[in-house]
Each structure stands twice: as structure tokens, then as C-alpha cells.
Number of protein chains: 2
Amino acid sequence: MTAAFAFAVHATDGAARSGEIATPHGPVRTPAFMPVGTQATVKGVLPEAVRATGADIVLGNTYHLMLRPGAERLARLGGLHAFMNWPHAILTDSGGFQVMSLATLRKIDADGVTFRSHLDGSSHRLTPERAVEIQTVLGADIAMQLDECVRLPAERDDIARAMHLSLAWAERSKRAFEGAPPGRALFAIVQGGDDPALREQSACALVDMDFQGYAIGGLAVGEPQAVMLRMLEMVVPLLPAERPRYLMGVGTPDDILQAVARGIDMFDCVLPTRNGRHGLAFTRSGPVNLKNARHADDPRPLDPESVCAAARDYSRAYLHHLVKANEMLGAVLLSTINLGYYQELMAAMRNAIAAGRFADFAESTTARWRAGDRSPA
Amino acid sequence: MTAAFAFAVHATDGAARSGEIATPHGPVRTPAFMPVGTQATVKGVLPEAVRATGADIVLGNTYHLMLRPGAERLARLGGLHAFMNWPHAILTDSGGFQVMSLATLRKIDADGVTFRSHLDGSSHRLTPERAVEIQTVLGADIAMQLDECVRLPAERDDIARAMHLSLAWAERSKRAFEGAPPGRALFAIVQGGDDPALREQSACALVDMDFQGYAIGGLAVGEPQAVMLRMLEMVVPLLPAERPRYLMGVGTPDDILQAVARGIDMFDCVLPTRNGRHGLAFTRSGPVNLKNARHADDPRPLDPESVCAAARDYSRAYLHHLVKANEMLGAVLLSTINLGYYQELMAAMRNAIAAGRFADFAESTTARWRAGDRSPA
């Protein structure tokens, strides 16, 4: 345990900003990308390898962990940090999103949500208070309020109902979190779908409650990127500058670049690991599909400029072979390469912001993605 | 490239011996265990992690590699060492064993074997000369002659026919290998099933041909351990003391201990990685099934005395969780732990032989395996 939660902005460049979050498990440089460790593991990647990519913080999923191995068991085992051998910062979500997307027979009422496990059909209940309790016993450095997230497109009435419920749950979550050990933080989640008025109402009400950080939820759930960016342009100015802003579940490298340009500080997404398991690499030349036969005889590494050894020490031909042969090492290497690229992108954005050249950086980065990856003639 | 192939025995203790094989890609301490890298990867384990377990040499499979990515493609890509990012020694088998166990529609004649790929049904042919050629272009430090291996139990006539065919192929392999780059070695394979007279005939004929090393094939293919050990006791004394002896495809830790006691220097086996993928750990307290519910709340590491970080840094509860959740990291960690245990066992045997206390070591090691693994009361 090193410090209580705190956030400092070190530099701004337009709406973009770089800074640092202090947590009981070390600092988190922002803009930050959080690899997703759903079941207490970033899929296929050793914790020291996750750290070596440059990650300061990972995300854990309350829904998955409460079902298996179970929150109280995890607490008896010393909490999530010890369990997954990750001594750095951890943010846990509240479980709400997964209850909506994975659980069966879910039933929402004003007090909480009852659902059946997707693993064994057993019945469980999450309330704002229980979600906070679970995250507290897991030992999360940053906990999230329970919310209800609506998949877009959706009816305005449904979005409004979920947003108001999430506001009520935010208040209860905050009260419940008063008993948490000192130094930890609880973030609120702005909802409101693609409706500007609902987003504004949600943001302003949450800011009035005074949270230590603000997430924007309910985006990247089916809407076009332009809609997501419009919502950010609308919501971010309503949030206090001195608190971190977290865009949940986002996204592609371009999504992240565009969101940082609009003042977002934190991200999480399964794309680097999920796509890595499916043979797709993220690189400074855009996405590269290693399944493609053009790589079969290519002795070049995926990215000779990478800071990630996995991107430099193995040929495209080898990665292609591993993917085609369905070898586990292909998933391991490509997940590592993708996490490495995401962290390299975050570091480059932090440097560009600090140097006051973020717009130039964004332009040249986007141009290189668009130019794409080429095989030798 | 560091040295030409050579073998030196440094110490003997009964029939057991410790020593070192020099190869163009570095020394191999014996008795040696070779992790199996079937498709140019030790399944799920990064090459630097394989090395960190203490492996000096890995095994590559000619059959798999000739089908995918293809021998000549691999040669154009710089050979197997560069392809799989393993700069240390490599032994390749000749493909014969996998043709018999994996290929379909195989047809053996005096000249070689024609078969269809288990991947796509394409037709291929291996002759003694082609098997040597493939292993040569792959860049193997140690190549194996093409042989025919018969699964036991089998009719004596069938064993005899295969043994004689393997002898003829040994001679042709040796001639073909004369064109190989200097410094590399070709090993012969003693066949003869569980028939002492056939084993003797095979061994003596091969020794007359003068190979740089001698493998014993056709064991651990269905017969009881006692039969295998009897064959070793019979064959090993017929082999020249100054050449390495390699027991192919063996085995459990106990198989290896018993074979070292009978003068074997080299081993390969898929057990550490295959069992690791299925939730089974090899430890100094014998095999431990991490699927077992008794581990669910156990905060102890698998083996606090291990030299392998993976066996020390993760609780049994965590490994149990990963295995139950079918998480890739479970396979990665348990494969690494098992390779680490195998290498730790080999190192301990080398030390015991050098110290002249191999019998004591074997007894105490076996006693500890038999005592088994216990959970706290």
C-alpha cells in the first residue's frame, strides 16, 4: 500500500490531458489503458508480461468473480491482487454490465437485480450495496457503482428509466462505500444512452453527489463512433476537471485516440486480447490479420520498431504458422503484442500531450493506420 | 554456432552417468530432458520460459513440420532455430513414429513410406534419405534415422520385419547424412520390441555401423514399465560407453529415474505439457490434480521449494480456479511448472551422480513421490 487515491493533471493540450492517479497499489499514468482480467487473469498473459507491456492497472469483473471463485472465498485468499499475483492497481466493475449481457432470467427491481449464473444456473442477487461490498472485499483500488446499461439503439423511455435507476443506485453506492478502507475510490457512471438531455441530467446529478471519478457508460454498445464522440463532447465539459474520466469498454485504437482528444483519461477493452486470440494484431500500421496467407513466407517481424519483444523477436511467418496450427503460443504472443501496442499508444499520447503536440501526433498516427500494412513487393 | 557434436561422460555411479553433449547450438547437460516442440513450439510456453526451466535442448517433429509449414519453407525462413526463436540445441525425430501414429493410408515399402497428411489428406513420402534431408534443412543439431516403430504387444514376425527394415534404413540414413553440414550428429534407433534377441541383433548391427549416438525406440508404446526396464538392462550394455543413449518418448518422472539408473542420457516426452494442459502437475510430492476441489481454498503454492517461479508465486486455489474456468493461463502455468519440475529432477540426478549418491537420491525421491501430496488438515 503506497498512497491514497488522488488524481493530478500534469499537462493539457486542447481537451486532451495527461496526468497520474495515485492508488494504494501504485501510480497509474493517464491516459491509461486497463487490460481486462475478467476471471482474475488477463487471458493467456502472465501478470509480469502484462506489467512489462506498460500496464499500471488492470480491470477485474465483479460478475465473473462473484460466481467463480466467489467473492468471500477470494477475500479469504487475500483478495484479488494476491490471488492473481498482480501487485499493481486494480479497478473492478460493478457487475451490472455483465448481468445484463451474460446472466439468464435477470429481473431488475428498484432495489437491485436478481439473475441466474450463466455457469450453473444458480440464483444470485446484486444490489448497489452488495456490489460495493464485493468490490471492497476483493480489494479493488477503484470500485464502480452498480448501474444499468442499455444496449443501443433503445427507446428513450427505457434509456431514461435506466439512467434514473442508475442515479438512485449511485447515491446508495456512495453511502455504502463510506465503510470501505481508506485510500480507495468509488467512481460514478454517467448513463443516458445517445440522448444528450438524459446524458446531461445524469452527469450533473452525479457531479452534485461528488464522486472521486466519473465513468461514461452505455457507449460502444452498438452505436456508430460519431454518436459516441458526440456524447463525449457533450458530457466531458460537465465533469469536474480535477477528477479522472473513464470511458468504459472502449475500444479500438482509433476510438481511444479520439476519446483522449475529447478529454478521457481511462479506458478498458477486451479487444487486444480477444483479437489476439483470433489471429489479429494491432500495429502502428493498423490491424494485421496473421491468418492471411501473405504472411506465410514473410521473415519480417510484425513491428521492428516495437518496444514489445514479442513484436520484434518472431517472424510474421512464425505467427502465421502458430495461428494456422491453432497453437496456444499464437494467442499468447498476439495478446502480448496487442497489449504492448495499446500501451505504446497510450505512452505516446501522454508524451504528445506533455509536449503540446497532440493534434500532430493524432494526425500522423491516424495517417499511418490508414496507410495500412504492406508485404514486400 | 559454438562447437561440433561431441559427448563426454563426467561421472558415473553404477550404470547411471552424467556428462555433457556439445552441439553447434551450445552444450546439453546429461541426463537431459528435451521438452517436445511438435509444431515448432513447446505448447503454450514462450521459448525464454522453456529455457528458464533449465532446458538445454528441445525436440522438433519432422512429420508435423514437413506438413506445416513445410521443410523447404522453414529452410528459406532460416531454419527451425530462427523460426521458433530457440537459439539452443534442437533434436529432430525422423517422422517415422508420427507417420505410423497420425497419418492415414500409409503404405510401407522397402524404400520408404507413403502416407496422407492428417491435416488435409495430401500425399507425402518419406524415405531415409528424405528424412535426413528434411532434418538437415531444418538445421537440427541432432537428427534421427528413419525407422519403423511397432506398437506393443505385436507378433514377433512383425517386430522382426520392422527391426530389419529399420537397420537397412539406418545404413541409408548414415550415407545420406554424410552430406550434412559439419558439427551435426545423426543417431541410430535400436528396435526389436520386447524381444531380447531382436533387440540384441538390432543394437549390435547399429553399433557396427558406428553412429554418434544411439536411441532406443519402440518402448513406452503400451508395454508395462518392467518390460521397458528389462529391455534397457539388456540393450544398454551393448552400446558404446562413449556415445549418448536416448530413450525415445519416455516418460513419467519415475520412468526417467529408472532409466537413468540403467544408463540412459536423454529423454523426450509430451507428458509435462500435455498433463499441464489438463490440470495435472508433477511435483516432488508426486502428481497433483489441480481440478480436485480440495485445492479451492488452499492459499499454499504448489511447491514452495521449487526453483520455478510459477510453482511458488501462485496459490493452489488460483491454479484450481484457472483450470476450472478453462483459462489459458492455467495451461501456461502448469506446463511451465511441469517442465520446471522435470528439469529440476534432471539437475538433481546429475548432481547425485556426480556426488556418487544416485541410489540414495533415487530412494528418497521415490519415497517422497509415494508419500504423495496432502492438503492441510
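None of the figures in this text is laboratory data; all of them are computed from the coordinates on show. Fair warning: this is a prediction, and the values are worked out from it, not measured in the lab. Using ideal geometry, Cβ is built from the backbone for each residue, glycine included, and neighbour counts are taken over all protein chains shown.
From the backbone phi of the stretch A:115-126, what are the Karplus-calculated ³J(HN,Hα) couplings (6.51 cos²θ - 1.76 cosθ + 1.60, θ = phi - 60°) in whole Hz, Gly and Pro given as x?
8, 10, 4, 6, 8, 9, x, 5, 8, 9, 9, 10
For the protein assembly as shown, what does the helix formula give at 222 nm: sum of -39500 (n - 2.57) over DSSP H segments with n ≥ 4, over the residue count, nearest 500 deg cm²/dmol?
-12500 deg cm²/dmol
Along Cα→Cβ, 7 Å out, is where each label goes; now give me the distance between the ones at B:ARG151 and A:GLU178 in nm to one decimal.
7.1 nm
Quick check on the exposure proxy: order B:GLU242, B:GLU223 from fewest to most C-beta atoms within 10 angstrom.
Result, fewest neighbours first: B:GLU242, B:GLU223.
Beta carbons within 10 angstrom, averaged per residue: use that to sort the peptides A:80-91, A:362-373, highest first.
A:80-91, A:362-373
Using Cα pairs closer than 8 Å and at least 6 residues apart in sequence, work out the relative contact order for chain B, in percent.
17 percent.
What is the average number of partner chain Cβ atoms found within 10 Å of a Cβ in B:326-332?
For this peptide, the per-residue mean of nearby foreign Cβ atoms is 6.
Amide H of B:MET34 versus every other amide H placed in the peptide plane: which residues, excluding those fewer than 5 positions away on the same chain, fall under 5 Å?
Residues meeting the amide H criterion: B:PHE267, B:ASP268, B:CYS269.
Only counting other Cβ atoms within 10 Å, I'd like B:GLU233, A:GLU178 sorted with the fewest neighbours first.
Result, fewest neighbours first: A:GLU178, B:GLU233.
Please give the FRET efficiency for A:ALA15 paired with B:ARG76, using the beta carbon to beta carbon distance and R0 = 51 Å, rounded to the nearest 0.05.
In this case the efficiency is close to 0.50.
Measuring label to label, 7 Å along Cα→Cβ, what does B:ASP109 give against each other copy in nm, shortest first?
So the distances to the same position in the other copies read 8.0 nm.
Under 15 Å between alpha carbons: how many lysine pairs meet that in the protein assembly as shown, if sequence neighbours fewer than 8 apart on the same chain are excluded?
4
Would you work out the charge dipole size for the stretch B:41-134 about its Cα centre, treating the Cβ of every Lys and Arg as +1 and the Cβ of every Asp and Glu as -1, and quote it to the nearest 20 debye?
280 debye
Go through the stretch A:136-152 residue by residue and turn each phi into a ³J(HN,Hα) via Karplus (6.51, -1.76, 1.60, θ = phi - 60°); whole Hz please, and just put x for glycine and proline.
5, 6, 5, x, 4, 6, 10, 10, 10, 5, 5, 9, 10, 10, 9, 6, 8
Set Lys and Arg Cβ to +1 and Asp and Glu Cβ to -1, take the dipole of the protein assembly as shown about its Cα centre, and tell me which of A:SER123, A:LEU74, A:ALA32 lies farthest positive.
A:SER123
Using a simple charge model, +1 on the beta-carbon of Lys and Arg, -1 on the beta-carbon of Asp and Glu, nothing else, what dipole does the stretch A:197-332 show about its Cα centre, in debye to the nearest 20?
Roughly 500 debye, rounded to the nearest 20.
Using the Cα gyration tensor of the stretch A:184-272, with a ≥ b ≥ c the square roots of its eigenvalues, what is the shape: rounded (a/c below 1.5), prolate (a/b larger than b/c) or oblate (neither)?
Judged from the Cα gyration tensor, the stretch A:184-272 comes out oblate (a/c at least 1.5, b/c at or above a/b).
Quick check: the angle from helix B:156-177's long axis to the longest principal axis of chain B, C-alpha only, nearest 10 degrees?
80 degrees
With point charges of +1 on the Cβ of Lys and Arg and -1 on the Cβ of Asp and Glu, referenced to the Cα centre of chain A, which listed residue (A:ALA22, A:THR62, A:VAL323) lies farthest in the positive direction of the dipole?
Farthest towards the positive pole: A:VAL323.
Given Cα pairs under 8 Å that are at least 6 residues apart, what percent is the relative contact order of the stretch A:100-160?
That works out to 21 percent.
Residues in the stretch B:168-198 near a label at B:ALA3, defined as backbone nitrogen under 18 Å from the 7 Å Cα→Cβ point?
What the label zone holds, given the 18 Å backbone N cut-off, is B:182-186.
How far is helix B:196-209 tilted off the main Cα axis of chain B, in degrees rounded to 10, range 0 to 90?
The angle comes out at about 70 degrees.
Starting from a label point 7 Å past Cα on the Cβ side, list the distances from A:ASN326 to the same position in the other copies, nm, shortest first.
Label point to label point, same position, other copies: 1.3 nm.
If the only charges are +1 at each Lys and Arg Cβ and -1 at each Asp and Glu Cβ, what is the size of the charge dipole of chain B around the Cα centre, to the nearest 20 debye?
With only Lys, Arg, Asp and Glu charged at Cβ, the dipole is about 860 debye.
Please list 3J(HN,Hα) in residue order for the stretch A:314-319, calculated via the Karplus relation 6.51 cos²θ - 1.76 cosθ + 1.60 where θ = phi - 60°; whole Hz, with x for glycine and proline.
Per residue, the Karplus-derived 3J(HN,Hα) values read 10, 6, 4, 4, 5, 4 Hz.
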